[in-house]
Amino acid sequence: MTSTKRKILHCGWLTDIHLEFLTNKEAAAFVESLAYKGLGCLWITGDISTAHQIEDHLQLFEKLYKTPVYFVLGNHDYYGGDIESVRSIVKKKCQRSKWLHWLPSSGIVPLNNDTCLIGHDGWSDGRLGNYKDSKVLLNDYLKIQDFVQAGGVGRLALLNRLGDQAASYIRGRLLVALEQYSHIIILTHVPPFIEACWHEGEISTDDWLPHFSCQAMGDVLKGSMRTAHDKQMTVFCGHTHSFGECQILPNLLVKTGEAKYGAPKIQEIFKISY
């Protein structure tokens, strides 16, 4: 019997690359440099750019990279705009593109017979830590129109709603994916667990946790994997700009990526056989 040699797909994970902090020339050079890595695809867990530049920066991947890019958006991607408009722009951009895939519009993405990719932007939902007494005021609340309009009184309700929206999307896709795949890879921007909310080597405090974690998403992920003992899940997130890794359950691993403004990089490269 002749065995068939399996091919290897090299996937590069990036997060919080913040191309808005680079000149146009620097941003193009960074994206072009990725093309020489020999990667079969990219995963990006948010904070690519800002509302006014996101389409142009995605176009760099379309023009210079020319390999599948699977991504979710982060809070910075909405700065200077509103959530619905930015998502509409990104969705339409991806519909016209051969290479760009915004995961909330992509459903379940097969990587091989055993592994699939699912993703949603996620959002800090204000439920972990101590929102009531927190003195943290993120730029989100000043630079994203939805939060400006909500004001201080309506902010928590909006955070709750955005977190629930992300969790509902992931729950629906997981119900199907867990029937078909043994390894589920989740991309999201905001850490879904306290243990994944790293900042400079430590877990974020109760003051910061409401603005840097999503309990609704975490509850869905943990609930799904508690009963799927024969399955594995790996979650990739960013937002905090600090590296961390935590094993939430024996079959649920979370990786949080590090970042520095003006210095985008590849976090890790993964090999997937097919």
>> I need the full set of residues from the range 62-75 which are free of Cβ contacts under 8 Å to residues at least 60 places away in the same chain and crowded, with 24+ Cβ neighbours inside 10 Å, in order please.
In response: 69
> In the range 209-223, how many residues are over 17 Å from the mean Cα position of the chain (by Cα) and buried (at least 21 other Cβ atoms within 10 Å of the Cβ)?
Replying inline: 2
>> So, in the range 1-12, exactly how many residues are surrounded by fewer than 20 Cβ atoms within 10 Å (Cβ to Cβ) and within 14 Å of residue 264 (Cα to Cα)?
In response: 0
>> I'd like to check which helices (runs of 4 or more DSSP H) are fully inside the range 134-235 and have at least 3 residues that are under 23 Å from residue 49 (Cβ atoms).
In response: 140-143, 145-180
> Can you pull out the residues in the range 2-46 that are of a type in the set (Val, Ile, Thr), out of contact with any Gly (no Cβ under 7 Å at 6 or more places or on another chain) and modelled with pLDDT of 90 or more?
Replying inline: 17, 23, 31, 44
> Can you tell me which residue in the range 226-271 is surrounded by the most Cβ atoms within 10 Å (Cβ to Cβ), limited to those that are among the acidic types (Asp, Glu) and out of contact with any Gly (no Cβ under 8 Å at 6 or more places or on another chain)?
Replying inline: 258
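Conditions tested, residue by residue: (1) closer than 16 Å to residue 71 by Cβ; (2) of a type in the set (Ser, Thr, Tyr); (3) touching a residue at least 60 places away in the same chain (Cβ under 8 Å).
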| residue | (1), (2), (3) |
| --- | --- |
| 6 | no, no, yes |
| 10 | no, no, yes |
| 14 | yes, no, yes |
| 19 | yes, no, yes |
| 27 | yes, no, no |
| 32 | no, no, no |
| 35 | no, no, no |
| 41 | yes, no, no |
| 45 | yes, yes, yes |
>> For the range 73-89: of the residues being farther than 12 Å from residue 49 by Cα and aliphatic (A, V, I, L, M), which is farthest from the chain's Cα centre (by Cα)?
In response: 89
> When only residues in the range 236-254 that are within 12 Å of residue 14 (Cα to Cα) and in a strand (DSSP E or B) count, which is nearest to the chain's Cα centre (by Cα)?
Replying inline: 237
>> Conditions first: (1) closer than 30 Å to residue 176 by Cα; (2) touching a residue at least 40 places away in the same chain (Cβ under 8 Å); (3) under 19 Å from the mean Cα position of the chain (by Cα). Residue 105 passes all but one, so which condition is the exception?
In response: (2)
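The values are calculated or read from the model by the stated rules, or taken from the named source; none is laboratory data. Remember, predicted model here, so these are calculated numbers, not experimental data. Note: ideal-geometry Cβ built from the backbone for every residue, glycine included; neighbour counts use all protein chains shown.
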